[in-house]
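The values are calculated or read from the model by the stated rules, or taken from the named source; none is laboratory data. As the structure is a computational prediction, the values presented were derived from the model and not from experiment. Please note: Cβ atoms are built from the backbone with ideal geometry, for glycine as well, and neighbour counts cover all protein chains shown.
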Amino acid sequence: MPCVLFCLIGHLTKAQADSASQPKRKSLLSVQFHIKNNQVPYLKVETKVKLDKGLFAAGSIPVSIYMDDDLSKDALVGQVKTDPAGEAIVGIPASLASNWKVKSSHTFFAHADSSSTFDPVSQEIAVALARLKLDTVAGGTTRSLVATVLKSEGESWVPMKEVELRIGVKRLGGYLTVGEEDTYTTDSTGKVEVEFVRENLPGDKQGKLEVVALVDHNEEIGSLTTGIVVPWGVVHQYKSDFGERSLWAPPSRAPIWLTLMAYGCIIAVWSMIIYLFTRILKIRRLGKAKKST
Amino acid sequence: MEDNITSSRDFITGGLTGAACGSCSCGKNQSSSEVEPKPSGEKVKLLSVNGEVIEIDKAFLKPVPDLPKPSNEEERRGIEGKKFVMVIDLARCKNVGACRDSCNHAHHLHPDHNWIKIYQMQDAEDTAPYWQPSTCMHCEEPPCVKVCPVDATFKRQDGIVLIDSDRCIGCRFCMAACPYSTRVFNWEDPGLPEEIASQHYSCESSVPQKKGTVGKCDFCPDMARKGELPHCVSACPNGVFFFGDMNEDSVTNGAETFRFSELIRDKAGYRLMEDLGTKPSVYYLPPVNRNFPFESGLENVKPQESQENHH
Amino acid sequence: MNNLSSYSTEKITADLYPKKFGTTGRIWTLGLIVICLLGAYAYYRQLRYGLVVTEMRDYASWGIYISNFVFFVAISLVGSLITAVLRLANVKWSTPLTRIAEIIAVSAIVFASLIIVVDMGRPERFTNLLLHPRLQSPIMWDVVVIGTYFVISLILLYLPLLPDLQILITHKNKNSGFQNRIYKFLGSFWRGTPEQFRISNRSILILCVAIIPVAFTIHTVTSWLFATTYRPGWDSTNFGAYFISGAFLVGGGAVLVAMYLFRKYYRLENYITEKHFDNMGKVVVMLALLYLYFNINEYLVPAFKMKKPEEAHLNELFAGKYALLFWFCIIIGMLLPMFILLFKRGRRALPAFIAGVMVVVGAWFKRYLIVTPTLLHPFLPMQDVPESYKHYFPSWEEWAIAMGSLAGALLIITLFARLFPIIPIHETVMEKNEEKDII
């Protein structure tokens, strides 16, 4: 399984007021750069603590992030608090528009403040802006996709080689590889061409599939994902027996034979019981009438 | 893989990215069955890759967006178009127990309870022993649902069988009916901290558990609504659990994704107690070419002492 | 047969009139009340802390509450057996026993319902059974049938009581003010006219016919609480008939016990005679033989096959952990009483009473053997659970509540006999007159 890249610049806290109960902990901060569909870049911040027992998320930790100019107010990307799962997402604010367009690569400095459960930690990542394109290959007898990675250099986009990426069909919780290999590497033209080998894969109601190319945690360009929709799946034929009458259905969908039998018996017996009640009432009336004569 | 919790799975459903697509014309990335977070109305200006300014609703700037809570009727109906299935690869299991521990933790269970039980199985005298983690089978013809007198346990259209702890009367007939011994009963108060115990009970998260009612593995439908995998699947360091949607013909353990039909065919998948006719939704891959010898799991076996509050 | 023809109506009435408690009666009633209160305290603890006060856990999730429930439902069938079946067969000797049988049935059904509510994890949600019923569930069938049977048994107790109420009302001076109020409330409208008798007799006849299928249903449906599951020991097509035959047997045994006790403490030797013990003993022998037949079917057939899930279960019953209890139930609960009652000497009051006690006690433990051992042999091994989950022996709270429910049922019967004639006065007088006419 892919390991998460965590930089350990945490301080070990020891010998504080109540050191006896203080477990040894390492506070960890990670920052990742993401671009999806070449649209809006964002940073994902995660705060965790490593204790003897294992790795745990640290929530409600304030983190401030700066772009290019560490700790400078004009370079502030954002100040966030991680959620209970220890994660936060921050985009590049419009205020940094001029700084953004100046360079093709940027460095982000993240600082997590201390709290009772967390030690101050800092982190930095340098990213070069890149684009990931995904297209189908026109013509030919087979279905193929081509992914291109381009790096920004000044005003132009230059192909980037030897970038590892994977191409998969989006499924619940993951991506099903479209080709034979798990990962591919871009060639000198920054391209990867992959044949779509999945036959008869269920798609949506029109038989369409969403294919995604992913660059995972590249050292230079961060994480990029780009997706396109292709009509290479089969139409989704899902016949559910959910509404049918059965023994495990909700009370309103009980089997007919059961309903008839049960109500039949109940009505038969209780009609007789009600009849008997009327007989008792009649005996009562007879008794009362006799009394009055 | 030493970490229990990893974050490398950037599930791109929900979160900022969905919103980014909501406000520009790159095409819908979320499948129609996933719930969208409620826009807060508060917008923030962000930069695109090209330096253009784009407006995005703040509600989408969360790693885990606040999705609207489904009503009880929606929880009983389930997620349309999905048919959840799990595949457990017995060749990879070495009784680490991370699945069981993460499940217990995520659902705030009573310390005596395990919704996932890891059995030491040996089919015959001369066959080899193996570790078998067992969850609720979420059967297609669930005997537990058949016998519930008050519709407290029910089967949804996505195949998941859930328990409504606000309706359960605690008769425990479902526990007698289940042949997989997967249901547990809250004999006493589970001892939850106040802020969890006072929450409104959701059938999909099965939290908070209540005294006098039944509990069991729920396939984490609250995670599925967000496009995430159940806790056991994510927690297992050896990739034993695969989870997915049969209608997509795909299962994944987070790192590897396979076509469900191919996986079952190539590795001869089977179901437990097939001859009872319950039609489980959990498939097992036989312990062939194991990653670990059986004995390596024995060190984790220890007798469990009850942690009840004695009165 | 009873030689009552020599008795006058006044004597019969005086003999059968409900009597005040003597010392024994007071001690008995007080003892029952104490046991009930103990049960009530145990239930308070259970309500407060949860079912954790029992020793039931995730594997043995049904314990002696449920086996007690089955026992009560079983005993309640005696009402339909003695009252309905024997009445319809025009068996005259059963007349003194009909009311005993009916009150046993009614109080057993009441406590069957109560013990089920006690077993629920959320008794306050009992109303969900009425608001969100699922017709597919065997529990729902049981709720309906038990309710129906209770109503029918109550009417079958009430209608033959009406002529006796008239007698009780006319003897105002013998009763306390409280008693008089009850008698007036229940039956002051009964005049004993031919018309009233006609309607009453016809209604009783209809009830006797109707109660038999309902009685069969009540215990068959209860057996289906187990037979509709997959578990070894429960997954049997035999269960309906097996339970019903067992129910008739334990009902017969209970009647033998009640006959003896009422006879002794109310001095009813002339009304419950040796002939009654003789006849009832014969009935119980037949029922025991029938139950033996079903037991053989139930245990011998799976033992022949020894299918894997059943192997451990059957071995423990025959020769393992439960062997002592199992053979106790078979021998003491079935074979020995049957043997005693086979002989004329055994069908006298005291030996028949002992046989009856053996049958009832054996039946109570047999119901436990049906419920819990199966649960401790699940298909998958008992692992990943606390050690205490793998065993079951009831806690003091469970014993207190179970005994409390039994004491409560006995209390209802005792109080009933205090208020109403336990042997129908009117019918006995009628029979005496018939005999006189014949003679």
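Rundown of residues vs (1) modelled with pLDDT under 90; (2) over 30 Å from A:Arg25 (Cα atoms), yes/no style:
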site: A:Lys103; (1), (2): yes, yes
site: A:Pro120; (1), (2): yes, no
site: A:Asp135; (1), (2): no, yes
site: A:Leu145; (1), (2): no, yes
site: A:Leu150; (1), (2): no, yes
site: A:Ser156; (1), (2): yes, yes
site: A:Val178; (1), (2): no, yes
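Screening the candidates C:Ser107, C:Ser113 for the property of being of a type in the set (Gly, Ala, Ser), more than 29 Å from A:Pro255 (Cα to Cα) and in a helix (DSSP H, G or I) yields one hit, C:Ser107. If only residues of the stretch C:118-171 that are under 24 Å from the mean Cα position of the chain (by Cα) and hydroxyl-bearing (Ser, Thr, Tyr) are counted, the one that is nearest to the other protein chains (Cβ to nearest Cβ) is C:Thr148. Taking the criterion of being within 11 Å of chain B (Cβ to nearest Cβ) and among the β-branched types (Val, Ile, Thr), the residues of the stretch A:24-48 that qualify are A:Ile35, A:Val40, A:Val45, A:Thr47. Does C:Leu249 fit the bill of being within 21 Å of the chain's Cα centre (by Cα) and surrounded by fewer than 23 Cβ atoms within 10 Å (Cβ to Cβ)? Judged against the criteria, C:Leu249 is not a match. Taking the conditions (1) surrounded by fewer than 15 Cβ atoms within 10 Å (Cβ to Cβ); (2) at the interface with another protein chain (Cβ under 7 Å from one of its Cβ atoms) in turn, A:Tyr263 satisfies each one other than (2).
Residue count for the stretch B:190-210 under the criterion of being within 13 Å of chain C (Cβ to nearest Cβ) and either touching a Phe, Trp or Tyr at 6+ places or on another chain (Cβ under 8 Å) or in a strand (DSSP E or B) (or both): the result is 1. Within the stretch B:43-77, the residues that satisfy the criterion of being more than 8 Å from chain A (Cβ to nearest Cβ), in contact with a Gly (Cβ under 9 Å, 6 or more places away or on another chain) and not in a strand (DSSP E or B) are B:Lys58, B:Ala59, B:Phe60, B:Pro65, B:Leu67. For the stretch A:220-268, filtering for residues that are without any contact (Cβ under 8 Å) to a residue 12 or more places away in the chain, more than 15 Å from C:Gln136 (Cα to Cα) and among the aromatic types (Phe, Trp, Tyr) leaves 2. Listed by position, the helices (runs of 4 or more DSSP H) enclosed by the stretch C:338-439 that each have at least 3 residues that are within 30 Å of B:Arg100 (Cα to Cα) and within 14 Å of chain B (Cβ to nearest Cβ) are C:349-375.
Highlighted here are the strands (runs of 3 or more DSSP E) found entirely within the stretch B:114-167 that include at least 1 residues which are surrounded by fewer than 23 Cβ atoms within 10 Å (Cβ to Cβ): B:117-121, B:130-134. For the stretch C:265-296, a residue qualifies if it is free of Cβ contacts under 8 Å to residues at least 60 places away in the same chain and over 17 Å from C:Ile340 (Cα atoms), and the qualifying residues are C:Glu269, C:Tyr293, C:Phe294, C:Asn295, C:Ile296.
Yes/no matrix, rows are residues, columns are (1) within 14 Å of chain C (Cβ to nearest Cβ); (2) in contact with a strand residue (DSSP E or B) (Cβ under 9 Å, 6 or more places away or on another chain); (3) under 25 Å from B:Gly191 (Cβ atoms); (4) assigned to a strand (DSSP E or B):
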site	(1), (2), (3), (4)
B:Cys232	yes, yes, yes, no
B:Ser261	no, no, no, no
B:Lys302	yes, no, yes, no
B:Gln307	yes, yes, yes, no
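Screening the stretch C:154-253 for helices (runs of 4 or more DSSP H) wholly inside it with 1 or more residues that are in contact with a Phe, Trp or Tyr (Cβ under 8 Å, 6 or more places away or on another chain) and under 30 Å from C:Tyr59 (Cβ atoms) returns the ranges C:194-227. Just the residues that are over 12 Å from the mean Cα position of the chain (by Cα), more than 7 Å from chain A (Cβ to nearest Cβ) and outside any strand (DSSP E or B), please, taken from the stretch B:234-251. Of everything in the stretch B:234-251, those that are over 12 Å from the mean Cα position of the chain (by Cα), more than 7 Å from chain A (Cβ to nearest Cβ) and outside any strand (DSSP E or B) turn out to be B:Cys236, B:Pro237, B:Asn238, B:Val240, B:Met246.
Just to be sure before I move on: is B:Ala106 among the small types (Gly, Ala, Ser), modelled with pLDDT under 95 and within 30 Å of B:Gly297 (Cβ to Cβ) in the structure I sent? It would help to see each step written out before you state the result.
Numbers: among the small types (Gly, Ala, Ser): yes; modelled with pLDDT under 95: yes; within 30 Å of B:Gly297 (Cβ to Cβ): yes.
Criteria met by B:Ala106.
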